[in-house]
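Undergrad: Here you go, one structure.
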Amino acid sequence: MASPPPAVLHADAAPTLDLLTVPQVMARLQLSRSAVDDLLRTGQLASITLGRARRVPADFIHTRLEQDAA
């Protein structure tokens, strides 16, 4: 009897992290590239670097916007 592939066994184990590119962040926040770069540089916007690509967690943006609105 063949066992299911590992991806099927662990599909529900780890939630996926929605990562946005800088242009996607620019569109969602309606900001210029330099404004987003400033937020990233000052740490007001969290990000991770994967090789040369920078990604921003989408849930961080939603949390940050909710905090600023309150």
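Undergrad: Report the Stokes-Einstein translational diffusion coefficient (µm² s⁻¹, integer) for segment 18-69, Rh taken as the Kirkwood radius over Cα pairs, at 25 °C with viscosity 0.890 mPa s. Show your work: numbers first, answer last.
TA: On the way: Rh = 11.0 Å.
Stokes-Einstein gives a translational diffusion coefficient of 222 µm²/s.
Undergrad: Suppose R0 equals 22 Å. What FRET efficiency, 1/(1 + (r/R0)^6) with r the Cβ-Cβ distance, do A69 and Q30 give to the nearest 0.05?
TA: Values: r = 15 Å, r/R0 = 0.69.
With a Förster radius of 22 Å, E is 0.90.
Undergrad: Among the trypsin sites (Lys or Arg not before Pro) in segment 13-70, which ones are in a DSSP loop with at most 14 other Cβ atoms within 10 Å of the Cβ? Mind listing them?
TA: Details: sites: R28, R33, R41, R52, R54, R55, R64; in loops: R52.
Answer in residue order: R52.
Undergrad: Around S47, which amide H atoms from residues at least 5 apart in sequence, or from another chain, sit under 5 Å from its own amide H, with H modelled in the peptide plane?
TA: Hits under the 5 Å cutoff: none.
Values in this text are rule-based calculations from the coordinates and carry no lab data. Quantities reported herein were computed from a predicted structural model and do not represent experimental measurements. FYI the Cβ positions are ideal-geometry reconstructions off the backbone, even for glycines, and counts take in every protein chain you see.
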